[in-house]
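The values are calculated or read from the model by the stated rules, or taken from the named source; none is laboratory data. Remember, it's a predicted structure, so these values are computed and weren't measured experimentally. A quick note on method: Cβ atoms are made from the backbone with ideal geometry, for glycine too, and the neighbour counts reach across all protein chains shown. Ligands, DNA and RNA are excluded from the accessible area calculation, which covers all protein heavy atoms including side chains. Shrake-Rupley method; radii C 1.70, N 1.55, O 1.52, S 1.80 Å.
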Amino acid sequence: MSSPVLLVEKSGAVAILTLNRPDAMNALSIGLRCAFSQVFRDIQADPLIRVAILTGAGRAFCGGMDLKELAGGMNQTGDGDAASGWDMMDAMAAFEGPIIGAINGPAITAGFELALGCDLIIASSEAMFADTHVRVGMLPGWGLSQRLPRLIGIARAKELSFTGNFLTAERACEWGLVNRVVAAADLLPVCRSLAAEMASTVPELLKAYKKLIDDGYGMPLAEAMGYERSLALAYARTVSPAVIATRRTSVQARGRMLSKDETD
């Protein structure tokens, strides 16, 4: 019996999704794309899951589209809407909680686009990033040409995309693409810890804050500032002083604990 192409592990409020085609560098076959879209819809519908971690099995995060499958006559979007790359990215974007990209190895072209679809990226020291669209002979359609320049600057993005060269994890961190680089053995523990911290926050606020940032990022600054103010005032009317006082006490206790840990 063959192994599932996408592994799902749920632990409390956190779901870890692992692309599981290690012998093919986790290339995005039609089967994997279908499973990916369905799983993201499933965890969005699961009231217990608040944070997702996305990683890959074996030595790669994702080597991109399954070019063998494409060369064999499969079209780029697959057999029906559920298998399309656009459906994958839509399902990912529809997940209201944070998505942490645990990039364990090479993230190439479509795999790079998956990484960019995450809210933040923690990279193993063995991770690398490459956009090879110009070498394969296709244009990106999952957001790479728009997200990458916004993260690292237009000139750096053009250098990567016009050459197809690899970007190391360390340089990606220097350029602001990656939040931090950790040893391979520490990648999932670090991501689990970060996810647990996010999941410990006020549930509705975590979703609302992600939406606030994402929506505002696409607006001119003045419009975004007004948008933030209107949402802040609307939400403030729904919270009682007693609830704020209780949460303040919890925040202060956590702050004292973290300060103590830093000085020990």
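Solvent-accessible surface of protein heavy atoms, probed at 1.4 angstrom with all chains present, puts R135, R229, R50, R41 in the order R135, R229, R41, R50, largest first. Between helix 221-236 and the chain there is an angle of about 50 degrees, using the helix long axis and the longest principal axis of the Cα atoms. Residues considered: L160, L17, L188. Largest GNM mean-square fluctuation over the chain, using C-alpha springs under 10 Å, is found at L160. Under a Gaussian network description of the chain, with springs only between Cα atoms under 10 Å, the residue in I213, I152, I30 that fluctuates furthest is I213. Ordering Q38, V190, I244 by the projection of their Cα atoms onto the charge dipole of the chain, which places +1 on the Cβ of Lys and Arg and -1 on the Cβ of Asp and Glu, puts I244 at the extreme positive end. Note that the range 86-102 has calculated 3J(HN,Hα) couplings of 4, 5, 4, 5, 5, 5, 5, 5, 6, 6, 7, x, x, 10, 9, x, 9 Hz, one per residue in order, obtained from phi through the Karplus relation 6.51 cos²θ - 1.76 cosθ + 1.60 (θ = phi - 60°); glycine and proline are x.
Going through [x] 22.3; [y] 21.5; [z] 19.8, the figure that equals Kirkwood radius over Cα pairs in Å as computed for the structure here is [z]. Taking 0.36 nm per residue of separation and subtracting the current Cα-Cα distance, fully stretching the chain between I154 and M138 would add 3.8 nm. Phi angles of the range 149-156 translate, via the Karplus equation with coefficients 6.51, -1.76, 1.60 and θ = phi - 60°, into HN-Hα couplings of x, 6, 8, 10, x, 5, 5, 5 Hz per residue; Gly and Pro are given as x.
For the chain, the dipole from Cβ point charges (+1 on Lys and Arg, -1 on Asp and Glu) about the Cα centre works out to 600 debye, to the nearest 20. Once all protein chains are placed together, Y227 keeps about 50 Å² accessible to a 1.4 angstrom probe. Across A195, A234, A57, mean-square fluctuation computed from a Gaussian network of the chain (C-alpha pairs under 10 Å connected) peaks at A234. Taking Cα centre as origin and charging only the Cβ of basic (Lys, Arg, +1) and acidic (Asp, Glu, -1) residues, the dipole magnitude of the range 171-219 rounds to 60 debye.
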